[in-house]
Amino acid sequence: MTKRGSTERKKAMGDDQTAGRDKLYAILAVLGASALFPAAGVAIQACKTIPASEMFLVRSLVGCSICVFKGLMEKKSLFGPKQAQPWIWARGFLGAAGAQCFFLALGFLPIGNVTSVVATYPAITIICGYCFLGENLDMITCINICMTIAGAALIAQPSFLFGTNEGSQHDAFQKDMAYLLCIVASSAFGSMFFFAKKASLFGDMNLEMLFSFNISAMVLSLLLAYSVPAQKLVFPTSFFEYFAMSFVAICGFLVQASYNYGSNHLDASLVAVISVTEGFFAFLWQMLIFRQQSDTLAYVGAFMVTVCVGIICFRKGMGHGGGHSKDNDDIEYRAAQQTNKLLANHHIDSSTAGYNSFSSISSTPSPTSNRVLDDSSPSAERTNEKVVVSL
């Protein structure tokens, strides 16, 4: 009996050590993804001869190929159930549109500024949850949302608020339009989770949504290449151009894989907090590689965004700050072990294309189920999940 108990204790200690090691690897993986996310943006900015939409197109082709290969291996349809297809493709289109805007903005603004403004999307998600899903908002979350918006304004410094002290009127207008692209990207990333949740009602739609994202991304890239002269496709002629395009595609895959690994071994709130370091790494690469400094207001704004978004995500992951429906009968989302994985695969593959297949980005939610749900039931338990972005 004693021998058996001793064996069980040793086994339990071994399991604890393995779990601890897996968590450490997961933290390092998410931290690495946070560094790679803006690194792909650096490659886009450094390779000025290849249009951003073409970078996005190559990234999407790689992602689509992976989806098709996985679908064939699993003998699974990439389109999903007919009833789920509108939600799947709406999610894919929004993710692709946000990623495309992110890539385009990199052609006009410092990588640190772009990443920090786009990183406000969790605040957009909370607002959408309040407006469309009936989720509650507490005062602390409202304050953090307002501070996040104020931080983004300090980074962007729109000319209608801060004037046009530097450069010409045309330069100021161009800068404002680039920041408008960042805001559109953040809004698209923040609102797409509504459609991801709707799609998750029909089961694990992770692969289907990745496929829809990549197809939408390719279509948008080709439309831009056809309609915008500056985004016309060009054939790479140098080793650096090939390297930059390959680097963006590889970063996309690594970011996606790292966030998925992290989502399987860490709490959602921890992944969320770690992922906000993307803004730090973006400014770091900006200074080290381009020797490019932002002004003091931009750094203050980036700090506000990082801290406030971190608080929003942490409270969301811990079950505070909203997330419960005002209407108890409106529990229409499947107890979503899958939802955060969807987010991870997005995490605006921003860094790579959505920067959330894109990427992005998320972790396993902490279920708070009060009842067992039948698979055939149209309603499901909503859990407090973390919201994070990988195109």
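The values are calculated or read from the model by the stated rules, or taken from the named source; none is laboratory data. Treat the numbers as computed from the prediction; the structure is a model and nothing was measured. Note: ideal-geometry Cβ built from the backbone for every residue, glycine included; neighbour counts use all protein chains shown. SASA here: full protein model, heavy atoms, side chains in, ligands and nucleic acids out. Shrake-Rupley method; radii C 1.70, N 1.55, O 1.52, S 1.80 Å.
Go through segment 24-39 residue by residue and tally those that are in contact with a strand residue (DSSP E or B) (Cβ under 9 Å, 6 or more places away or on another chain) and open to solvent by 20 Å² or more (accessible area, probe 1.4 Å).
1
Could you please find all residues in segment 49-67 being among the aliphatic types (A, V, I, L, M) and assigned to a helix (DSSP H, G or I)?
Ala52, Met55, Leu57, Val58, Leu61, Val62, Ile66
Residue-by-condition table, conditions (1) closer than 17 Å to Leu104 by Cα; (2) crowded, with 21+ Cβ neighbours inside 10 Å:
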position	(1), (2)
Leu180	yes, no
Gly190	no, yes
Ala199	no, yes
Ser238	no, no
Phe243	no, no
Ser246	no, no
Gln256	no, yes
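Can you confirm whether segment 195-203 contains a residue that is more than 13 Å from Gly80 (Cβ to Cβ) and assigned to a helix (DSSP H, G or I)?
Yes, some residue in segment 195-203 is more than 13 Å from Gly80 (Cβ to Cβ) and assigned to a helix (DSSP H, G or I).
Out of (1) modelled with pLDDT of 50 or more; (2) over 23 Å from Val42 (Cβ atoms); (3) open to solvent by 10 Å² or more (accessible area, probe 1.4 Å), the odd one out for Ser263 is which?
That leaves (3) as the condition not met.
Condition check ((1) under 22 Å from Gln45 (Cα atoms); (2) open to solvent by 20 Å² or more (accessible area, probe 1.4 Å)) across all residues:
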residue	(1), (2)
Phe195	no, yes
Leu207	no, no
Val219	no, yes
Leu222	yes, yes
Pro229	yes, yes
Lys232	yes, yes
Cys251	yes, no
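Would you call Val118 touching a strand residue (DSSP E or B) at 6+ places or on another chain (Cβ under 7 Å) and surrounded by 24 or more Cβ atoms within 10 Å (Cβ to Cβ)?
When the stated conditions are applied, Val118 passes them.
Which condition number does Val58 fail, the rest of (1) within 18 Å of the chain's Cα centre (by Cα); (2) of a type in the set (Val, Ile, Thr); (3) buried (at least 19 other Cβ atoms within 10 Å of the Cβ) being met?
(1)
Just a yes or no: is a residue in segment 55-78 at pLDDT 90 or above and of a type in the set (Phe, Trp, Tyr)?
Yes, segment 55-78 contains a residue that is at pLDDT 90 or above and of a type in the set (Phe, Trp, Tyr).
Within segment 68-78, is there a residue that is under 17 Å from the mean Cα position of the chain (by Cα) and either farther than 23 Å from Ala35 by Cβ or of a type outside the set (A, V, I, L, M) (or both)?
Scanning segment 68-78 turns up no residue that is under 17 Å from the mean Cα position of the chain (by Cα) and either farther than 23 Å from Ala35 by Cβ or of a type outside the set (A, V, I, L, M) (or both).
So how many residues does segment 276-309 have that are assigned to a helix (DSSP H, G or I) and among the charged types (D, E, K, R)? Before you say what the answer is, go through the steps one by one.
Looking only at segment 276-309, we keep the residues that are assigned to a helix (DSSP H, G or I), and these are 278-290, 296-309.
Cutting the leftovers down to among the charged types (D, E, K, R) gives us 278.
Final tally of qualifying residues: 1.
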